[in-house]
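Shown next, in structure tokens, is the structure this report addresses.
The values are calculated or read from the model by the stated rules, or taken from the named source; none is laboratory data. Predicted, not measured: the structure shown is a model, and the values here were computed from it. Neighbour counts run over all protein chains shown; Cβ positions are idealised from the backbone, glycine included. Calculation scope for accessible area: heavy atoms of the full protein, side chains included, ligands and nucleic acids excluded. Shrake-Rupley method; radii C 1.70, N 1.55, O 1.52, S 1.80 Å.
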Amino acid sequence: MIMVTGANGQLASLMLDELRTRGVTVVGGSRAAGDGLRRLDFDDPASLDLTGVSTLVLVSAGYAEDDRVIARHGAAVDAAVRDGVTHIVYTSLTGAGDHLGFALAHRATERLVRASGLGWTILRNGLYAELFGALLAWTPDGLESAFGTGALSAVARADLAAAAAAVAADPAPHAARTYDLVGDPISADDVAGRLGVTHRTISLGEYRARLLADGALLPFQPPMMVSIATGVRHGFLDDTGDDLAGLLGGALTDPLAVAANTAASMRAAQI
């Protein structure tokens, strides 16, 4: 049986749909049990029951400071070893993202997974095209961001879910493999052009100040978001590769269309 963690999240729920479409036996793990989900709370190691699971798809629980994220993932890996899991598929971060503010927890988890003694596959996911579109701000004159003219090799979330499902459904050919799953580079100017508006660049300092003034963000989030902006702006996140197309067995979803649709939806919600 396959288990996908973080089952109520957007990526994991798409993975579950993909796996069920393939006709494999799969269960989701979540802090809240019910609706066919098994309770799985990384902050409560006693709740981590992986009995009967052969392949664990460990979706990063990255919504916290590094020490807490790594502790969560370590508890999941320990439970996998204890309960007889044979293979872990971990959703990590693209190799080009080593400078990002949330990279360390991913790389530390990769070490834990590799050292577990279990079979493993690392999926180094590129940043979502949906995220790129959502980080573009609307003004009366068009779009605004701190991305400058830089590009991001963005990926549709659905493509990453499909790739993870392909690996989890038949992990043996992917054992001890690390895949870098990135898409085609797109820029904020590209998104603005697709939507027929202009794009204005703001400084990283102005962007950080706006984030710090946003009372809805947790303390660790503004540095992470600025790290994405400077990474894109200065050309550190536009690497391409063939791993994703290889796992999907075909063409990728157009990341520009996904980012533009997300940005347009945000504008509609503000009107």
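Picking from residues in the range 240-271 that are part of a helix (DSSP H, G or I) and at pLDDT below 95, the one that is most open to solvent (accessible area, probe 1.4 Å) is 270.
Considering the range 154-163 alone, what residues qualify as being touching a Phe, Trp or Tyr at 6+ places or on another chain (Cβ under 9 Å), under 23 Å from residue 19 (Cβ atoms) and either at pLDDT below 95 or open to solvent by less than 10 Å² (accessible area, probe 1.4 Å) (or both)? Correct list: 155, 156, 160, 163.
Quick check, is residue 85 open to solvent by less than 10 Å² (accessible area, probe 1.4 Å), more than 19 Å from residue 235 (Cβ to Cβ), in a loop (DSSP other than H, G, I, E, B) and modelled with pLDDT of 95 or more? It is true that residue 85 is open to solvent by less than 10 Å² (accessible area, probe 1.4 Å), more than 19 Å from residue 235 (Cβ to Cβ), in a loop (DSSP other than H, G, I, E, B) and modelled with pLDDT of 95 or more. Checked across the range 146-153, the condition of being among the hydroxyl-bearing types (Ser, Thr, Tyr) and modelled with pLDDT under 95 holds for no residue.
Would you confirm whether or not the range 48-57 contains a residue that is assigned to a loop (DSSP other than H, G, I, E, B), touching a helix residue (DSSP H, G or I) at 6+ places or on another chain (Cβ under 6 Å) and modelled with pLDDT of 95 or more? Checking the range 48-57: at least one residue is assigned to a loop (DSSP other than H, G, I, E, B), touching a helix residue (DSSP H, G or I) at 6+ places or on another chain (Cβ under 6 Å) and modelled with pLDDT of 95 or more.
Applying the selection to the range 169-201, what residues are part of a helix (DSSP H, G or I), in contact with a Leu (Cβ under 8 Å, 6 or more places away or on another chain) and not small (Gly, Ala, Ser)? Scanning the range 169-201 gives 190, 191, 194, 195.
Give the range 62-82 a look and list any residue that's of a type outside the set (D, E, K, R), at pLDDT 95 or above and open to solvent by less than 50 Å² (accessible area, probe 1.4 Å), or say none. Scanning the range 62-82 gives 69, 70, 73, 74, 75, 76, 77, 79, 80. Any residue at all in the range 128-140 that is open to solvent by less than 10 Å² (accessible area, probe 1.4 Å) and small (Gly, Ala, Ser)? Yes. Residues in the range 186-203 that are touching a Gly at 6+ places or on another chain (Cβ under 9 Å) and of a type in the set (A, V, I, L, M, F, W, C): 188, 191, 192, 195, 197. Taking into account only those residues within the range 44-61 that are under 20 Å from the mean Cα position of the chain (by Cα) and open to solvent by 10 Å² or more (accessible area, probe 1.4 Å), which is farthest from residue 100 (Cα to Cα)? Looking at residues that are under 20 Å from the mean Cα position of the chain (by Cα) and open to solvent by 10 Å² or more (accessible area, probe 1.4 Å), I get 59. Considering each residue of the range 215-222 in turn, at least one proves to be free of Cβ contacts under 8 Å to residues at least 40 places away in the same chain and either within 17 Å of residue 97 (Cβ to Cβ) or crowded, with 16+ Cβ neighbours inside 10 Å (or both).
Residues of the range 42-54 include at least one that is out of contact with any Ser or Thr (no Cβ under 7 Å at 6 or more places or on another chain), over 30 Å from residue 239 (Cβ atoms) and of a type in the set (Val, Ile, Thr). Among residues of the range 18-42 that are touching a residue at least 24 places away in the same chain (Cβ under 8 Å) and under 26 Å from residue 66 (Cα atoms), those with a Cβ under 9 angstrom from a residue that is among the polar types (S, T, N, Q) and open to solvent by 20 Å² or more (accessible area, probe 1.4 Å), sequence gap 6+ or separate chain, pair up as 28/8; 28/13; 30/8; 32/8. Residue 188 satisfies every condition listed in (1) open to solvent by 10 Å² or more (accessible area, probe 1.4 Å); (2) without any contact (Cβ under 8 Å) to a residue 60 or more places away in the chain except (1). Filtering the range 95-115 to residues that are open to solvent by 30 Å² or more (accessible area, probe 1.4 Å), in contact (Cβ under 8 Å) with a residue 12 or more places away in the chain and closer than 13 Å to residue 77 by Cβ leaves only 112. Is it the case, given these coordinates, that residue 237 is outside any helix (DSSP H, G or I) and either β-branched (Val, Ile, Thr) or on the phi < 0 side of the Ramachandran plot (or both)? Criteria met by residue 237.
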